[in-house]
2 protein chains.
Amino acid sequence: MFRTIRLMLRCEPKASLEARSSADHKLRRPMRDLTRDHSLLSLNTATVRKQGDLLAIVEACARHGVRAVSPWRDQVAAVGLDRAGRAIKDAGLALSGYCRGGMFPADAAHAQEARDDNRRAVDEAAALGAPCLVLVVGGLPQFSRPGSASSKDLAAAHAQVEDGIGALVEYARAAEMPLAIEPLHPMYAADRACVNTLKHALDLCDRLDPERDGWLGVALDVYHVWWDPELSAQIARCGAKRMLAYHVCDWLVPTRDLLLDRGMMGDGVIDLSRIRGEVEAAGFTGFVEVEIFSNDWWSRPIDEVIETCIARLKTVV
Amino acid sequence: MFRTIRLMLRCEPKASLEARSSADHKLRRPMRDLTRDHSLLSLNTATVRKQGDLLAIVEACARHGVRAVSPWRDQVAAVGLDRAGRAIKDAGLALSGYCRGGMFPADAAHAQEARDDNRRAVDEAAALGAPCLVLVVGGLPQFSRPGSASSKDLAAAHAQVEDGIGALVEYARAAEMPLAIEPLHPMYAADRACVNTLKHALDLCDRLDPERDGWLGVALDVYHVWWDPELSAQIARCGAKRMLAYHVCDWLVPTRDLLLDRGMMGDGVIDLSRIRGEVEAAGFTGFVEVEIFSNDWWSRPIDEVIETCIARLKTVV
């Protein structure tokens, strides 16, 4: 533990600011300089989920001076909530989010399960001191809550998502736990999330939290939204109040698997620097969270993965 | 040939109309009744591209009383343009489109190639008597026109697409060949088409053809757009003047391959009847074109594939 703390002290906590090098004059705020250290890096623990349990991941993060993580519920459950919380705290790590609640669409027989499960997720996020609970809202009910009756009614799923978030945000407000709706790529509309654009997520936020009181916002992952011609406008609309988390990885060409072939930053086609510039121009000041689901990166040693994340954060993000 | 013509006569050419069974009162036009015959079916020839050349496909269509096809350029080139045209005409087949032009983004060294190639596509479509040339607009230049310098600038690709269509529509107007922009699923944004929503395609149409003079519209394929929460509104905006082609297949869960795992109608999650109802309510009166890229369906006998298309058209489309 002393070694962990000592190593972490090497890492400068505050990233300095410098003017954005790009010629985009629309941006009013300078981009943060990520080239000097990795104090703004957070590691989504799914990125190395095959290499070890949450305790091993926390230890590896501390070893490399990573200052924050975003853990998944199943990884927390596998070691126990208390033990996970202590390990994160002892390592001096912050959280950039907690993954994940959601999966709202369900038939009547599974509605209670969806509600209870989401409340537990809020409670766990609060126990861990997460800044937000990320919501992957679910697709059609048979995939969102297995066992539910099959449906092709996407509009009904949209309505169930809206109702589900509307009910959960009351609970989250009481627990003082912000909810971050994550729009997922349209290729996941059926089985993972039927909210697939930042615009749709922000429309939900505006309808369910018109006061913008801080308990409802979005988690923006470049993988899901980079293709959207309305992305820049919607990021500007989003603003700091709604932007609760920012995730990076890359889109590979070709993509060989719909779920498990995300790329390391710099290996794909996403203009990461441009998007981060817009996100920060909108007022975002949080961690830059790396989340990569990849059979390729899961097959590599954890130290190599983390070192690569750090190097790419400094050069291409 | 006599056998072909005789078989085709079994097929009633005019689909009767009946009131839409759904309770969607917003629709002002009755849906066409597809249950009695398959006179409105068109087969996109890529659906059976592995089973035989274009001549074999045309013969199989005639054998099954399919009244229209939408051929691909490479399949036409493989048998020769004249021979392809004669075979289609001799079999009494109509065309529902010609696939495809597009792939506009290119670096300076490949710009002429993109322009010339698209003009040839227009000429071929006119020679075959196609009702429209389908445009798959291209993604980033290195994928759209291989050999082009790499870029991550999606906004620049959007601009090149707009410029390319703007130039081509002049040529198409002179050739009296309508151009149909096909929005592709966002998972193809990098390498196939960076126009990924019906809204984006219609915005291009409105900017490049504000007079709505009939030479620019869209090809709507349910596979690419079914997930879009704005789909209904954009179909209504589209109207008969802009809706030049309508394609069906299905979205499978899980989808095992980004390109070659489309489903047969009814095997996936798309609410085909609802979407067709909206398309026809908007005034579309053309063929319902089946386009399935699938390693699964490519491995089956051509007669089985066509018989299944006919059966599903009557029951689930």
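The values are calculated or read from the model by the stated rules, or taken from the named source; none is laboratory data. Note that the structure is predicted; figures quoted are calculated from it, not measured. Heads up, the Cβs are rebuilt from the backbone with ideal geometry, glycines too, and the neighbour counts pull from every protein chain shown. Accessible surface areas use protein heavy atoms only, side chains included; no ligands, DNA or RNA. Shrake-Rupley method; radii C 1.70, N 1.55, O 1.52, S 1.80 Å.
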Of the listed pairs A:Lys199/A:Lys241; A:Lys152/B:Lys50; A:Lys199/A:Lys314; A:Lys152/B:Lys199, those with alpha carbons more than 27 Å apart are A:Lys152/B:Lys50; A:Lys199/A:Lys314
Quick one: pull the percentage of alpha-carbon pairs in the protein assembly as shown with a separation above 40 Å.
-> 32
B:Gly239 label points, 7 Å along Cα→Cβ, one per copy: pairwise distances from this copy to the rest in nm, shortest first?
-> 3.6
In what sequence, highest mean first, do A:173-182, A:31-40 appear when ranked by Cβ atoms within 10 angstrom?
-> A:173-182, A:31-40
With the other protein chains left in place, how much accessible area per residue, in square angstrom, belongs to chain B at a 1.4 angstrom probe?
-> 39
As a percent rounded to 5, the proportion of antiparallel DSSP bridges among beta bridges in the protein assembly as shown is 10
Bin by bin, in steps of 10 Å, what percent of the Cα pairs in chain B do you find, going until the bin that has the longest distance?
-> 6, 27, 36, 24, 5, 0
Relative contact order %, region A:97-205, counting alpha carbon pairs below 8 Å whose residues are six or more apart | 31
Name the residues whose placed amide hydrogens come within less than 5 Å of the amide hydrogen of B:Gly268, ignoring near sequence neighbours (fewer than 5 apart) on the same chain.
-> B:Trp251
Among the residues of region B:139-180, which ones have their accessible area go down by 50 Å² or more when all the protein chains sit together, as opposed to their chain alone (1.4 Å probe)?
-> B:Lys152, B:Leu154
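Rounded to the nearest 500, what is the protein assembly as shown's calculated 222 nm mean residue ellipticity when only DSSP H runs of at least 4 contribute -39500 (n - 2.57) each, over all residues?
-12500 deg cm²/dmol
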Filtering chain B for DSSP H helices with an axial alpha carbon extent of at least 18 Å and a Kyte-Doolittle mean of at least -1.0 returns B:154-175, B:302-315
With heavy atoms of protein chains only and a 1.4 Å probe, what residues of region B:248-272 have at least 50 Å² less accessible area in the full set of chains than alone?
-> B:Val253, B:Leu258, B:Val269
at B:Ala78 the sorted inter-copy label distances (label 7 Å from Cα on Cβ side), in nanometres, are 4.7
Inter-label distance, nm, simple model (7 Å from Cα along the C-beta direction), B:Thr35/B:Arg237 | 3.5
Sort shortest first the distances from B:Arg207 to its counterpart in every other copy, using label points 7 Å along the Cα-to-beta-carbon line, and give them in nm.
-> 2.9
Could you check how much of the accessible area of chain A is carbon and sulfur, as a whole percent, using a 1.4 Å probe?
-> 51
A:Ser151 paired with A:Arg63, simple spin-label distance in nm, labels 7 Å along Cα-to-beta-carbon | 4.7
State whether region A:107-235 is rounded, prolate or oblate according to the following rule on the C-alpha gyration tensor (a ≥ b ≥ c being the square roots of its eigenvalues): a/c under 1.5 gives rounded; otherwise a/b larger than b/c gives prolate, and the remaining case gives oblate.
-> oblate
Please work out the Kirkwood hydrodynamic radius for region B:36-129, using every pair of different C-alpha atoms, and report it in angstroms with one decimal place.
-> 14.0
Rounded to the nearest 100 Å², the accessible area buried between A and B, both sides, probe 1.4 Å, is 2500
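Relative contact order for chain B: what is it in percent, counting Cα pairs under 8 Å that are at least 6 residues apart?
19
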In chain A, what % of DSSP beta bridges are antiparallel (nearest 5)?
-> 10
